[in-house]
Amino acid sequence: MFGLLARLSEIDSRAEAAVRVIAAFDALVEGRVSASTLTRATAALAECTAGMHLLDGTALRVAHNGTVDSSDRDVPRSRIDLGDGRAVWIEREGDAEALDDLILERFALATRVLVTPPRVISAATIADPALTELLISESAGTEERARAIQLLGLVPNLPIRIVAVSTSEDRDPGTEAVALVARTRTPVRPLRVATVGRTAGLILQPRQNADLVVSDLQGSVRDRLQERDPGSGRSLDLRVGIGNLVSPQDARTSWLQALLALRFTVQGENSAVVDHALLGSLTLLADVPISRIAANVDVVALQAISETESGKLDLRALDALCRTGSLRLAANSLHMHHSSIAARVTRAEERLGWDLGTPDGILRARIALQSLHFLNNGES
């Protein structure tokens with residue numbers, strides 16, 4: 001793998017090289033590699049020596065050819081400090097290369113995920129999934145939750161947010177959740193995740209810039225969806241529901257909100273992430289029996305259209321029109337020409353018998369589409 005990536009200077013497209021760097025570090029995080037392997041891979045990508053302060057305070061340096069460099073020298077100023085006296089860096093002679101900042105940033109993010117400080121390496125770390133499940137469970141009592149909060153390394157009086165992550169059956173949702181956070185710019189420590197059924201529950205407790213977490217995750221998901229599944233070559237199936245900020249004791253509330261938000265997601269760059277705080281009155285659908293939603297004439301009509309690939313594209317166009325309010329904005333969101341969007345919306349309009357040129361028609365379509373998404377996503 002790294003043989004293809006090691007000489008980034010030979011790649012003509014800087015954008016393509018940047019994507020390859022991100023993909024390489026994602027693979028390292030997914031593979032749960034050791035500190036030495038992570039440093040060696042970084043050195044190969046950067047084509048220069050890379051370094052990391054190990055947990056025991058010593059420095060690990062690896063040259064670009066993979067040999068360990070044990071020479072005693074000062075840590076360069078071009079580094080990223082991770083706290084607890086730890087840092088990562090790359091050592092390049094001469095001028096910096098175009099991708100150095102990106103490589104160093106991804107090196108730091110991967111280190112935060114893979115190399116845990118001594119104070120949280122304990123039985124609690126091994127039991128993280130069980131403790132996380134306990135914190136979001138319905139049966140846990142106040143004392144049990146308080147103990148789980150302490151063992152997970154959470155700050156009792158600092159709000160948390162639960163994120164629900166869903167992906168295709170052939171991929172691990174927990175791994176995808178960690179990879180998403182590794183792409184964000186907002187520091188998230190500690191990182192706690194558990195898998196419940198086919199959904200990963202991710203506890204986020206940002207110590208600063210808490211308002212950036214949602215936009216960071218949206219950006220991470222968009223970047224991930226622009227990649228292709230290496231197994232099938234198709235676009236990745238990745239959807240994320242975000243719960244509200246709550247106190248750690250109320251983690252289950254945020255978890256249930258995240259699961260509800262997940263039911264309104266649709267595969268695609270602009271609809272794969274739903275924030276519960278923005279759903280508003282749409283959450284009332286959770287109080288409607290599923291049988292009533294499934295039997296609604298508008299939902300039945302949309303379901304019939306969605307049974308063909310062409311029909312699914314028509315509904316995507318209709319959904320984009322409802323979300324953006326104009327054909328041109330809908331076209332931009334789907335990376336299509338506005339005439340193609342217009343043709344698909346017209347075809348859906350003819351099949352449904354609705355006038356989508358009126359506010360009432362758009363409102364009816366919007367409610368029906370959200371009901372269909374809610375129905376098809378089922379109980380998370």
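The values are calculated or read from the model by the stated rules, or taken from the named source; none is laboratory data. Quantities reported herein were computed from a predicted structural model and do not represent experimental measurements. All Cβ positions, even for glycine, are placed from backbone atoms using ideal geometry, and neighbour counts span all protein chains on display. The area values use the complete protein model at the heavy-atom level, side chains included, leaving out ligands, DNA and RNA. Shrake-Rupley method; radii C 1.70, N 1.55, O 1.52, S 1.80 Å.
One line per residue, one yes/no per condition, for (1) at pLDDT 80 or above; (2) over 16 Å from Gln249 (Cβ atoms); (3) in contact with a strand residue (DSSP E or B) (Cβ under 7 Å, 6 or more places away or on another chain):
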position: Gly141; (1), (2), (3): yes, no, no
position: Glu144; (1), (2), (3): yes, no, no
position: Leu151; (1), (2), (3): yes, no, no
position: Val155; (1), (2), (3): yes, no, no
position: Val165; (1), (2), (3): yes, yes, yes
position: Thr175; (1), (2), (3): no, yes, no
position: Thr186; (1), (2), (3): no, yes, no
position: Val193; (1), (2), (3): yes, yes, yes
task = Within segment 353-380, track down each residue that is hydroxyl-bearing (Ser, Thr, Tyr) and surrounded by fewer than 16 Cβ atoms within 10 Å (Cβ to Cβ).
result = Thr358
remark   = Within segment 128-148, residues open to solvent by less than 70 Å² (accessible area, probe 1.4 Å) and closer than 14 Å to Leu202 by Cα come out as Asp128, Pro129, Ala130, Leu131, Thr132, Leu134, Leu135, Ile136, Ser137
task = Residue by residue through segment 329-352, note down the ones that are small (Gly, Ala, Ser) and either surrounded by 17 or more Cβ atoms within 10 Å (Cβ to Cβ) or closer than 17 Å to Ser271 by Cβ (or both).
result = Ala330, Ala331, Ser333, Ala348
Extreme residue, most open to solvent (accessible area, probe 1.4 Å), among residues of segment 293-321 that are outside any helix (DSSP H, G or I) and free of Cβ contacts under 8 Å to residues at least 12 places away in the same chain = Glu307
task = Sort out which residues of segment 322-339 are within 30 Å of the chain's Cα centre (by Cα) and in a helix (DSSP H, G or I), and write them in order of number.
result = Cys322, Arg323, Thr324, Leu327, Arg328, Leu329, Ala330, Ala331, Asn332, Ser333, Leu334, His338
request  = All but one of (1) assigned to a helix (DSSP H, G or I); (2) over 27 Å from Leu260 (Cα atoms) hold for Gly357, so report the exception by its number.
outcome  = (1)
inquiry  = Name the single residue that is nearest to Leu180 (Cα to Cα) among those in segment 5-29 being modelled with pLDDT of 75 or more and either charged (D, E, K, R) or open to solvent by 60 Å² or more (accessible area, probe 1.4 Å) (or both).
reply    = Asp26
task = Take segment 268-292 and flag every residue that is of a type outside the set (S, T, N, Q), surrounded by fewer than 17 Cβ atoms within 10 Å (Cβ to Cβ) and part of a helix (DSSP H, G or I).
result = Ala277, Leu278, Gly280, Leu284, Ala286, Asp287, Ile290, Arg292
